[in-house]
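Worksheet for the structure shown next.
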Amino acid sequence: MSDKDAIDQNLPTGAQRIAQALQRHGVQYLFGQSNPPSVTLAAHSLGVKQIGYRTENAGSYMADGFARVSGKIPVVTAQNGPAATLLVPGLAECLNASTPIVALVQDVANGNRDRNAFQELDHLALFQGVAKWVRRISAPERIEDYVDMAFTAAASGRPGPAVLLCPADIFPKRQEPSVGRSSSIDSWPLDRFVADPSQVELAAEILVNAERPLVYAGGGVIGSRAQQELRALQEQTGLPVATTTMGKGSVDETHPLSIGVIGFYMGKRGMSRYARHMVDTADVILLVGNRTNQNGTDSWNLLPRNAHYIHLDIDPNEIGRNYESVRLLGDIKATLPRLLEAMKLKGLEQRSAARAVFESEIREARALHAEEVATVTTSSEIPLRPERLMAEVEQLLDDNAIVVADASFSSIWIANFLKAKQRRQFITPRGLAGLGWGFPMAMGAKLANPERTVFCLVGDGGFGHVWSELETARRHGINVILMVLNNQVLGYQLHAEEVGMGAHTDACDLTGVDHAAVAEACGLRGIRVEHPDALKGALEQAVASDQTVLLDCIVDPDAMPPVGMFSQLTNY
C-alpha cells in the first residue's frame, strides 16, 4: 500500500461525512429502512438511532409527528425508485402543514444516470410538487454544503420538506471534509423576525377600536411555538379566540374567551355551534398563522366579507390570499408581543365592557352545547357512540397529554369533544388530510417526548393502511394508546356520497376486522370494547401499560361528527 493509499484510508467516506453533518445538526433518529445502509451504519456509530419503519410512507408520517412535538428537524431516508415514491404523501402533508423534514434519498450513481439503471427515476421531478427544496449532491466535496442547505431550507421561512438526493457513488469515496461548516440547525423556526412596526401600529389601532373583534388562530401558532404569546394577547386585551383544527391548542379552551374550533365542522353537536354568531357579527378579524383554507372557512362562506382583516403570517403569499388584509409579515412568536404592547399603549379601557359581553356569549354557547351533547356523551347505546368514548378519554387526559388523530372523522371527533388545556397538544394531518397518518404520527410524537402520554384515535379505514407498524411499535418499544373506531365503513366518504348522490359506492363498506387480535398477533396488547361500561376500565389498563395497547372499539356506523353538510341526511 502506498503512502497516499494509507492516508486516504484515514479520511472519512462520503457516508461518514453525511452522518457527521447530521450529528452536528442534532439529529437523534434516522427514520429509515436499510438504504442507504452506509449512511445508517455511520450514523449509528455516532449515536444516531435508526427507527426502521415497515413502509416509507409511514416513516415520513413518524418524522412529521416527531417534528411537531420536538421542535427539531427530523430525517427520513429512502432507496431510489419505488421507496422514494412512497415518501410523496408524507412530504406533501409536511408541505401543506408547514412541517420541516429532511429526506435523504439514495439515487443511482452519477455515471449510471439516463442508462436505465436499476430503479432509476427522475427524482427531481418526482419531489418538485411536494417539497420546498430539492437538490442532488453535485460532487463529494460539496456534501457538507448540501446537507446544511437542506436543513436551512426545511427550517427557514415557512418550514417544510427538503429533499437531498444522494448519488450512490458518493458514499464510499474518501475525502477531507469541506472546511468552515460548524453551525448547528437543530430547531425550528430558524429565523424569527418582527412584522413592519408601522403595520403593527395600524393593526393595534384597528383592534383597539373594534366593536366585535375576533382572533382566528391556525396551525402557524403551534409551528411558531407561540401559544403563550397568543394566550397573553387573549387575556390582556379581552379578544375572543377561535381556532382551526390544526390550531387547536393555541389557547386553553376552558378560558372564558375561547370559542373553540370553527370552520367546516360547526354542525349539530359542534363545540362552537352556538357561538357562530360571534363569527357572523365580527367587524375585525385577526388571522394568525391561518391559511384560510377550504375547511377552515367552510368553503370560504364562514367569515364575513364586510369585516376588516389583519393577517399575521410567516409566508407573504398567504397574507391576503383569500381576504384582503393589513399585512403583518413576520414570525408569530416575535410579533404578537409587539402587537400587545402597541395595543396597551393605545389604551385598553374601552375593551373591558366588550370583554364582559364576549364572556357572557361564550358561557351561554358552552351551556347550550353541553345540553345538546349530554345524551350522546353519556349514551349506553350499543354499538358505542364515539362521543361517549371521547367523554371517557377526556376524564383520563392530564393537561400534559398529546392527542393524535388520523384524518377524516377521527380529527373531527377530537377537535369537538376533547378540550385543549395547558400544555395539552393536538396533532392532526390536516395539511393534506390523507388516511393512514394517525398511528405513525403518534409513534413519532412519543419518540419526541417519551415522558408524555400519547393517545391516538383512528378509524378502521385509515388504520388499514398502517397495520404493519404495530410490529415497529413493539420492536422499538414505543408506547401509544391506540383507539380504533371500528364501524366497518369509510364514514366520511359514505355519508358525503349519500349527501351528494343519494347513494354510496360499495368501496365504502368494509369487512369486519378483529383489530385487537391483530395487535395480539404482533405481540402487543389488544382489547376489544363492545359495551360502553367497559370503556373506562379498558382505557385505564392502556394508560397503565408499558407497551402500545390497541382498543378495538365497536362503534355505531351511523354516528356522524358535526359536519354541516350531513344535516341533510335523515339519520343525522
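The values are calculated or read from the model by the stated rules, or taken from the named source; none is laboratory data. This structure is a prediction, so every number in the text was calculated from the model and none was measured. Every residue, glycine among them, receives a Cβ derived from its backbone with ideal geometry; neighbour counts consider all protein chains shown. Side chains are part of the model used for accessible areas, which takes the heavy atoms of the whole protein and leaves out ligands, DNA and RNA. Shrake-Rupley method; radii C 1.70, N 1.55, O 1.52, S 1.80 Å.
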K49 accessible area, assembled protein chains, probe 1.4 Å, Å²: 100
Accessible surface, the stretch 37-91, averaged per residue in Å² (probe 1.4 Å): 28
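Round to a whole number: what % of the accessible area of the chain belongs to carbon and sulfur, probe 1.4 Å?
The computed percentage sits at 49.
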Where the stretch 301-344 is the region considered: accessible area per residue in Å², 1.4 Å probe: 44
Nearest-ten-degree value, helix 535-544 long axis tilted from longest Cα axis of the chain: 40
Folded to 0 to 90 degrees: helix 227-237 orientation relative to the chain principal axis, Cα: 30
Acute angle (nearest 10 degrees) that the helix 14-24 long axis makes with the longest principal axis of the chain, alpha-carbon atoms: 40
Net charge of neighbours whose Cβ lies under 11 Å from the Cβ of A516, counting Lys and Arg as +1 and Asp and Glu as -1: -2
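Filter the GluC sites (Glu not before Pro) in the stretch 295-387 down to the DSSP loop ones having no more than 15 other Cβ atoms within 10 Å, then list what survives.
For GluC sites (Glu not before Pro) across the stretch 295-387 that sit outside H, G, I, E and B with at most 15 neighbouring Cβ atoms in 10 Å, the list reads E324, E349, E381.
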Solvent exposure of the stretch 140-284 as accessible area per residue, Å², 1.4 Å probe: 33
Environment charge at A282 (Cβ cut-off 13 Å; Lys +1, Arg +1, Asp -1, Glu -1): -1
Paired Rg and Dmax values of the chain, which use every Cα atom, in angstrom: 24.8, 86
Environment charge at L329 (Cβ cut-off 12 Å; Lys +1, Arg +1, Asp -1, Glu -1): -3
The stretch 373-495: radius of gyration and largest Cα-Cα distance (Dmax), Å: 14.0, 42
17 Å Cα cut-off, lysine pairs counted over the chain (separation 8 or more, or different chains): 8
